[in-house]
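*Asks:* Attaching a single structure in structure tokens format; questions to follow.
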Amino acid sequence: MIILILFAFLGGIFTILSPCILPILPIVLSGSITGGKRRPMGVVTGFILSFTFFTLFLSVIVRATGLSADALRVVAVIVIAFFGTSLLIPQLQIAIEKLFSRLALLTPKQNTNDGFFSGMLVGVSLGLVWTPCVGPILASIITVAATSSVGLDAVIITLAYAAGTSIPLLAITYGGRNLLTKHPWLLTHTAHIQKGFGILMLLAALAIFFSWDRKFQTYILETFPNYGTGLTKLEDNALVKKQLEDMKAKPKGGRMVNAPEFIMGGQWFNSEPLTIKELRGNVVLVDFWTYTCINCIRTLPYLRSWHEKYKDKGLVIVGVHTPEFEFEKNPENVKKAMKDFGIEYPVMQDNDYATWQAYANHYWPAKYLVNQEGSIVYTHFGEGDYDETEEKIQGLLSIDMPVRNPTYQVMARTPETYLGSLRGDYSRIQITGTWTKSEEYARPSKGSAMTMRFNAAKVFLVMRGRGSLNVYLDETLVKTVTVDGDKLYDLIDLPLPGEHILKLEFLDSNLELYAFTFG
């Protein structure tokens with residue numbers, strides 16, 4: 001875990017060079033000309049604690065309280081706007097200082113006029129509204145948080161990332177404060193500078209409220225396509241990838257562990273309910289998947305092939321369908337998807353994530369190979385290594401056959417992009433028209449449009465509802481897609497990957513958009 005903490009910390013430091021940091025810089029810089037000497041430290045402390053807490057536990061809060069993530073974001077924006085207004089109205093600023101001075105009296109040995117607590121409140125708000133440019137480490141942590149299985153390692157790694165991000169922000173703030181004290185002209189015009197920052201804070205609050213900050217990031221990336229490129233590559237190395245896989249619960253000291261039992265969370269398909277115990281004597285391949293996941297879909301031809309080749313030789317494949325989106329819990333949707341994909345091996349629904357959590361799983365897709373005694377002897381996460389997996393199956397079955405699995409190369413450089421308010425990332429996306437967002441999806445009204453820059457050969461979009469949309473590639477209409485079910489739809493299929501602009505025009509108001517994936 002030390003490696004992940006180090007790289008998360010370094011990744012946070014380098015975030016200062018990314019476009020994601022630009023929208024919050026005016027708010028951070030305001031700490032250099034307002035409040036007491038410890039106000040910048042208060043902003044940074046609040047930011048670290050808030051960003052860590054909401055990154056790891058926002059989904060839990062939303063589920064427990066029924067509040068939407070957008071509602072919490074609005075509260076944070078109001079706090080930022082309030083402090084911006086206080087910079088424009090001296091009487092309001094004095095009242096705030098008195099309030100926090102009284103609060104400071106409740107703590108031992110605390111200077112009542114150092115600005116720490118007021119700065120901390122701003123920092124807490126920043127931690128809630130800021131959307132970072134995530135690399136592999138933080139992306140894995142967010143995935144863990146989405147499944148409500150946060151451990152001490154996730155907390156420490158997220159704290160390290162937030163602390164790394166805070167160091168350059170703190171340096172900028174104190175640098176601005178030193179600059180102010182060393183130049184008499186700036187010192188004599190502090191009141192005007194303070195009001196200028198008040199206006200900037202209000203503009204930043206408005207930008208965050210209307211998602212203009214994300215549009216600004218998109219504009220920067222489109223105008224300067226190489227800006228920020230490669231910053232997350234610091235984390236994208238073999239050592240970090242191995243550590244990320246090791247975060248998952250694995251056999252200790254190389255010893256095998258017994259496979260957990262299946263915990264039914266819905267229906268079974270293609271079989272009566274099975275148990276690991278009654279499957280003793282067979283080799284069992286447990287495959288965690290969900291039917292809208294493009295990475296899962298690309299593994300299905302290999303699973304179908306292994307089922308056909310080895311079902312009569314002692315292999316039992318059990319698909320554990322753990323839904324990513326609410327509509328994937330519908331058994332009729334799963335049944336239809338299985339028919340479309342030609343799946344004939346047993347599949348169970350894991351709608352409550354009970355089996356997922358029993359296996360301490362973190363990934364779609366994920367494969368666990370169980371020997372005849374019921375012990376997990378091999379695991380694989382994600383796509384690829386099909387020959388290796390099949391050779392492991394043959395070894396357990398004592399079979400020696402040629403292994404020639406076709407290869408598939410993922411050529412996308414654009415990551416999976418969610419559109420709901422809970423995990424939505426609109427840093428590459430521009431929208432026009434009227435949109436409604438829920439935790440999982442975004443719903444455009446008739447005549448609305450969405451534009452995004454991507455680098456891939458294929459583009460897919462998970463959609464639900466009944467309706468149509470026009471698909472444009474680099475301003476040229478390529479197709480009209482009719483949505484008639486809850487599934488993954490193919491939007492773009494090019495022979496080679498490259499950087500392009502996708503535009504979607506919506507012809508009605510009946511569609512729910514969940515997530516883009518790329519190939």
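We did not get these values from a lab; they are worked out from the coordinates using the rules stated. The model shown is predicted, which means the values in this text are computed figures rather than measured ones. Neighbour counts run over all protein chains shown; Cβ positions are idealised from the backbone, glycine included.
*Asks:* Output the peptides 465-471, 297-303 sorted from most to least packed, where packing is the average of other Cβ atoms within 10 Å over each peptide's residues.
*Replies:* Final packing ranking: 297-303, 465-471.
*Asks:* Now for a separate question. At 0.36 nm per residue, minus the direct Cα-Cα distance, what do LEU179 and ILE78 gain on full extension? Give it in nm, one decimal, please.
*Replies:* 33.4 nm
*Asks:* Rounded, prolate or oblate: which fits region 269-327 when a ≥ b ≥ c are the square roots of the eigenvalues of the alpha-carbon gyration tensor, with rounded for a/c under 1.5 and prolate only if a/b beats b/c? Mind dumping the intermediate values first?
*Replies:* Values: a/c = 2.70, a/b = 1.45, b/c = 1.86.
Cα axes put region 269-327 in the oblate bin.
*Asks:* Could I ask something else about it? Kindly state, to the nearest 0.05, the FRET efficiency for ASP352 paired with ARG298, given R0 = 25 Å and r defined as their beta-carbon distance.
*Replies:* It comes to 0.40.
*Asks:* Would you work out the Kirkwood radius for region 383-519? I mean one over the mean of 1/r across all pairs of different Cα atoms, in Å.
*Replies:* 16.6
*Asks:* Here is a follow-up. Take peptides 74-84, 335-345 and line them up by average Cβ neighbours within 10 Å, highest first, as a rough protection proxy. Can you show the working numbers first?
*Replies:* Details: 74-84: 19.1, 335-345: 16.3.
Taking the mean over residues of other Cβ atoms within 10 Å, the ranking is 74-84, 335-345.
*Asks:* Additional query: Points 7 angstrom from Cα along the Cβ direction at VAL478 and LYS195: gap in nanometres?
*Replies:* Taking the two extended label points, one gets 5.3 nm.
*Asks:* If I stretch the segment between ARG413 and GLU373 completely, what's the gain in nm (0.36 nm per residue apart, minus their alpha carbon distance), one decimal? Kindly include the intermediate steps, with their values, before the conclusion.
*Replies:* Values: separation 40, 0.36 × 40 = 14.40 nm, distance 4.17 nm.
Contour length minus Cα-Cα distance gives 10.2 nm.
*Asks:* Past 32 Å, Cα to Cα, is the threshold; run LYS309/LYS335; LYS329/LYS458; LYS195/LYS437 against it and keep the listed order.
*Replies:* From the list (LYS309/LYS335; LYS329/LYS458; LYS195/LYS437), the Cα-Cα distance tops 32 Å for LYS195/LYS437.
*Asks:* So, one more: Ranked from highest to lowest mean number of other Cβ atoms within 10 Å per residue, what is the order of the peptides 203-209, 396-402?
*Replies:* Descending packing order for the listed peptides: 203-209, 396-402.
*Asks:* Next question. Lys and Arg at +1, Asp and Glu at -1: add these up for the other residues within a Cβ distance under 12 Å of GLU278 and post the number.
*Replies:* On the way: positive: LYS277, ARG280; negative: GLU261, GLU272.
With Lys, Arg at +1 and Asp, Glu at -1, the neighbours total 0.
*Asks:* Note down the nm distance, to one decimal, between modelled labels 7 Å out along Cα→Cβ at LEU206 and at GLU278.
*Replies:* 6.6
*Asks:* Same structure, new question: Roughly what % of DSSP beta bridges within region 387-498 run antiparallel, to the nearest 5?
*Replies:* 100
*Asks:* Using the beta-carbon distance between ASP387 and LYS311 and R0 = 25 Å, what value does 1/(1 + (r/R0)^6) give for FRET efficiency, to the nearest 0.05?
*Replies:* Once rounded, the FRET efficiency stands at 0.80.
*Asks:* Let me ask something else. Set the Förster distance to 56 Å, then compute FRET efficiency between ALA360 and ILE89 from the Cβ-Cβ distance, nearest 0.05.
*Replies:* For R0 = 56 Å, the calculated efficiency reads 0.60.
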